[in-house]
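Q: Below is a structure I'd like to ask you about.
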Amino acid sequence: MRRPSCSWMKAITSNAPPKGLAAALVLLAACSPGAPPGVDKARLDEAVSRAIGDPNSCVLIARKGEGRALYRYNTATACAREWPACDKPGLTKLADLLEAAAKDGQPRLLSCDSAADGSRGVGWAAGPVAGKDLVYAAVMEGDRVLPGLIIASKLEGAFKRAGVSE
């Protein structure tokens, strides 16, 4: 009896998707944060994009008391980058800022240089979402980055337009 062929060439020339691919895509989609309950993700993405959208921007939203993101603007790769912390030596990630905001609900508005020559900067913003049991954390990095205070102000308007806050 002949063994069934299972080569990569057959997989790429076949019209049928590999059996494991569909399952993997479903799992990946399930792992990606969507949006807070009752919020249209596409509308929120559009509002955030207009407010602070940029390849090196990331926004996370979580419930107060929890560090797990309900929403993520931008890719997991962009959101996992480490940048200067601005309030202490060393680098930090946005997930760390989100976790701190989720624990105490206190605003954090930081800005500093991300390049030694001052040609690039990083802005961090985190705090409560107005009128909701949610917190957010955001970061921008680049040569024309907004300060943390401005990021927070722009996101406040974006959250209102998208129906996230009151």
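We did not get these values from a lab; they are worked out from the coordinates using the rules stated. Note that this is a predicted model, so its numbers are computed, not measured. Note that we place each Cβ from the backbone using ideal geometry, even for glycine, and neighbour counts take in every protein chain shown.
Q: Percent of Cα-Cα pairs more than 17 Å apart in the stretch 69-108, please.
A: Details: 272 of 780 pairs.
Tail of the P(r) past 17 Å holds 35 percent of the pairs.
Q: Tally Lys/Arg at +1 and Asp/Glu at -1 over every other residue whose Cβ is under 11 Å from the Cβ of GLY65; what's the total?
A: Working: positive: ARG63, LYS64, ARG68, LYS103; negative: GLU66, GLU99, ASP104, ASP133.
Net of charged neighbours comes to 0.
Q: Let me ask another. Can you tally the lysine pairs in the stretch 34-161 where the Cα-Cα distance is under 17 Å and the two residues are eight or more apart, or on different chains? Please report the intermediate quantities before stating the final value.
A: Working: LYS41/LYS132; LYS41/LYS160; LYS64/LYS103; LYS64/LYS132; LYS93/LYS103; LYS103/LYS132; LYS132/LYS160.
For the stretch 34-161, the number of qualifying lysine pairs is 7.
Q: Also, quick follow-up: Note down the net charge around GLU141, summing +1 for each Lys or Arg and -1 for each Asp or Glu among other residues with Cβ under 13 Å from its Cβ. Numbers along the way, then the final one.
A: Values: positive: ARG81, LYS93, ARG120, ARG144; negative: ASP54, GLU82, ASP113, ASP143.
Surrounding charge for GLU141 is 0.
Q: Starting from the Cα coordinates of the stretch 34-161, work out the convex hull volume and express it per residue in Å³.
A: Details: hull volume 11.8 nm³, N = 128.
Each residue corresponds to 92 Å³ of Cα convex hull volume.
Q: Which of the peptides 44-57, 112-125 is most tightly packed, and how do the rest follow, judged by the mean count of other Cβ atoms within 10 Å per residue? Mind dumping the intermediate values first?
A: Numbers: 44-57: 18.6, 112-125: 17.0.
Most protected by this proxy first, the peptides run 44-57, 112-125.
Q: Next up: What are the ³J(HN,Hα) values, in whole Hz, obtained from phi via the Karplus relation 6.51 cos²θ - 1.76 cosθ + 1.60 with θ = phi - 60°, for each residue of the stretch 155-166 in sequence order, with x given for Gly and Pro?
A: These are the phi-based 3J(HN,Hα) values: 5, 4, x, 4, 5, 5, 4, 8, x, 7, 10, 8 Hz.
Q: Let me ask another. Taking the Cβ of ALA152 as the centre, find all other residues whose Cβ is under 14 Å away and add up their charges (Lys, Arg: +1; Asp, Glu: -1). List each step's numbers first, then the result.
A: Working: positive: ARG108, LYS154, LYS160; negative: GLU156.
Within the 14 Å Cβ shell, the charges total +2.
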